[in-house]
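Asks: Following this message is one structure expressed as structure tokens.
The values are calculated or read from the model by the stated rules, or taken from the named source; none is laboratory data. This structure is a prediction, so every number in the text was calculated from the model and none was measured. Neighbour counts are summed over all protein chains in view; Cβ atoms, including those assigned to glycine, are modelled from backbone coordinates with ideal geometry.
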Amino acid sequence: MIPHGLKPLLLPAVLIAAFEIWTRVTNMQSDSLAPPSAIAAAMIEALSGGELWTATRDTLASTLAGLAIGSAIGLSLGIALGISNVFNRLMEVTIEAIRPIPSIALLPIALIALGFGYRMEIVIVAFACIWPMLILSRAAVGGIEPRLMEVARVLRLTPADRVRKIVIPAALPRIFVAFRLAASIALIVAVTCEIAINPIGLGASIMAAQQALRADLMLAYLIWIGAIGYLLNAGLLFAQASLFGRAALAGGTP
Amino acid sequence: MSATPSTVTPLRPVAFQPRTPQIAFDGISLDLGGKTILANVSLDVAQGEFLCIIGASGCGKTTALRLAAGLYQPTSGRVTFDGAAMTVPRRDIAIVFQDYGKALLPWRTAIGNVSLALETAGVPKAERADRIEELLVKVGLPFHGDKYPAEMSGGMQQRLQIARCLAQEPKVLLMDEPFGALDAMTRQGLQDEVLELVRASGVTVIFVTHDLEEAIYLGDRVIGLLPHPGRVGIETAIDLPRPRDQLTTREQPEFLRLRRRLFDFIKASEA
């Protein structure tokens, strides 16, 4: 019998094995595909070398820096817009005009202004992260139970205390969901940036493997990027559960 | 607050005669969204009085309470507290909302919720713990300080909200159908506890309810509002001795007479 916890792994394992057999039976020659055994070998090779780790560091540094900057801007704007109706209406057209611009479309401008490297990538990632944070934290603040705001009024909380003691804790579970969304977008945008133009990080490494006709290495990088994305989200989920177990429970829709 | 009502002497005269008003509605009208909610309402509440406001749904009784809290501003007329116009909420006027589940901070424990009122009043951190403990004992929640609102029953949550209001050291306690969502036994228990709290502190109370018996049982005076638009339709003093008792007070002929009178009023106002 198969242990219960391993059952979900059964299908992927069978598929990988079938793919391996198929590549061997047909003696596949391809620039885009490689047998799983070759990918695994390339992965081990890459993990034991230095290049993958440098690339990972570069990608993560840009991702996290961009995420931090973009989230901070998006969060503060979102809270301000959620609290002040006047400010919200004042900014609405501006935000709706800038928001639809795909962040990647800013690459040419960012490249001219900042050149290759971290700075340009961080700016692009930050730009992409602002919007989910802004829109969702604005909605989170707007969705706060009106009664709580009345309690704040009746108790004569100062505006700073209202934000600190009512608005942020009440909106926090939903803000954190926005942060997780922004984090996954950040990684996507960072890698896209590197694939498109920026010669650093995992995106650039994937491109290098492709141009060297190393399908096995290219796919190994792809799997590695997937694993990083998975770990990033899992880490944030864990943080969410341990930080806001109670608040997420009581705050309704986490 | 385990009171022994038999040893308690009433602090107030049996028939309460308003003297200098503490809260005064002076020809209040309020339009909201193009609809007149209250029209030319005038009423005075004396210090230490327990005033109950009744009326059919939609008669503006909750709105009147929110005006007294400073949460709304009248379209015309003015609300005064000790002679000064109410333009914003005041810390010495506390309001107990009906929906206790929404008025408590779900991410704070019982202690944290009471603490919120003390923090904003600038009570030093060192003094808060004792004050909170004292307040929780007062409302009958002595061993529940570390619980979150979600872990408490409806009655306990409403007690907690009352504790937070008492932490404001209010001169006036506004209560908006505070026991409307609770079961009958819990409600009666809380009625007596509120009467005891009020007796001990001498706080003025405006109590909105749709339960006529509750209004008669608690109040020194009952005002009935007529709907569309809300205006004062009936006003009656409650000449029932204090302390009141859930059984004997409700059996008195005067209680039954008042109940009939108010019942007829509500029925006529709904027709």
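Asks: Just a yes or no: is a residue in the stretch B:85-98 away from chain A (no Cβ under 14 Å), surrounded by 15 or more Cβ atoms within 10 Å (Cβ to Cβ), in contact with a strand residue (DSSP E or B) (Cβ under 8 Å, 6 or more places away or on another chain) and more than 20 Å from A:ARG147 (Cα to Cα)? Can you show your working first?
Replies: Quick first cut of the stretch B:85-98, residues away from chain A (no Cβ under 14 Å) only: B:85.
Now narrow it down to the ones that are surrounded by 15 or more Cβ atoms within 10 Å (Cβ to Cβ): none.
No, every residue in the stretch B:85-98 fails to be away from chain A (no Cβ under 14 Å), surrounded by 15 or more Cβ atoms within 10 Å (Cβ to Cβ), in contact with a strand residue (DSSP E or B) (Cβ under 8 Å, 6 or more places away or on another chain) and more than 20 Å from A:ARG147 (Cα to Cα).
Asks: Here is a follow-up. Quick check: is even one residue across the stretch B:165-178 farther than 27 Å from A:ARG156 by Cα and either buried (at least 22 other Cβ atoms within 10 Å of the Cβ) or not acidic (Asp, Glu) (or both)?
Replies: Among the residues of the stretch B:165-178, not one is farther than 27 Å from A:ARG156 by Cα and either buried (at least 22 other Cβ atoms within 10 Å of the Cβ) or not acidic (Asp, Glu) (or both), which makes the answer no.
Asks: Of the conditions (1) touching a residue at least 40 places away in the same chain (Cβ under 8 Å); (2) farther than 30 Å from A:ILE175 by Cβ; (3) of a type outside the set (Phe, Trp, Tyr); (4) out of contact with any Lys or Arg (no Cβ under 8 Å at 6 or more places or on another chain), A:ALA42 clears all except one; give me its number.
Replies: (4)
Asks: If you go through the stretch A:14-69 one residue at a time, how many are among the small types (Gly, Ala, Ser) and assigned to a loop (DSSP other than H, G, I, E, B)?
Replies: Of the residues in the stretch A:14-69, 5 are among the small types (Gly, Ala, Ser) and assigned to a loop (DSSP other than H, G, I, E, B).
Asks: Next up: Do the conditions hold for A:ALA215, that is, is it buried (at least 16 other Cβ atoms within 10 Å of the Cβ), modelled with pLDDT of 90 or more and touching a helix residue (DSSP H, G or I) at 6+ places or on another chain (Cβ under 6 Å)?
Replies: no
Asks: Within the stretch A:76-96, work out how many residues are closer than 21 Å to A:ILE175 by Cβ, surrounded by fewer than 11 Cβ atoms within 10 Å (Cβ to Cβ) and hydroxyl-bearing (Ser, Thr, Tyr).
Replies: 0
Asks: Of the residues A:ALA140, A:ALA126, A:ALA152, A:ALA160, which single one is away from chain B (no Cβ under 11 Å), without any contact (Cβ under 8 Å) to a residue 40 or more places away in the chain and not β-branched (Val, Ile, Thr)?
Replies: When all the criteria are applied, what remains is A:ALA160.
Asks: Provide a single number: the residues in the stretch A:92-119 that are among the basic types (Lys, Arg) and assigned to a helix (DSSP H, G or I). Spell out the reasoning first.
Replies: From the stretch A:92-119, those among the basic types (Lys, Arg) are A:99, A:119; that's our starting set.
With the extra rule that they be assigned to a helix (DSSP H, G or I), the set shrinks to A:119.
Total satisfying the criteria: 1.
Asks: Scan B:ALA200, B:ALA181, B:ALA268 and give me the residue that is among the aliphatic types (A, V, I, L, M), surrounded by fewer than 17 Cβ atoms within 10 Å (Cβ to Cβ) and assigned to a loop (DSSP other than H, G, I, E, B).
Replies: It is B:ALA181.
Asks: Given A:ARG138, A:ARG119, A:ARG99, which one is buried (at least 18 other Cβ atoms within 10 Å of the Cβ), more than 17 Å from the chain's Cα centre (by Cα) and of a type outside the set (A, V, I, L, M)?
Replies: Working: A:ARG119 fails: buried (at least 18 other Cβ atoms within 10 Å of the Cβ); A:ARG99 fails: buried (at least 18 other Cβ atoms within 10 Å of the Cβ).
Of A:ARG138, A:ARG119, A:ARG99, the one residue that is buried (at least 18 other Cβ atoms within 10 Å of the Cβ), more than 17 Å from the chain's Cα centre (by Cα) and of a type outside the set (A, V, I, L, M) is A:ARG138.
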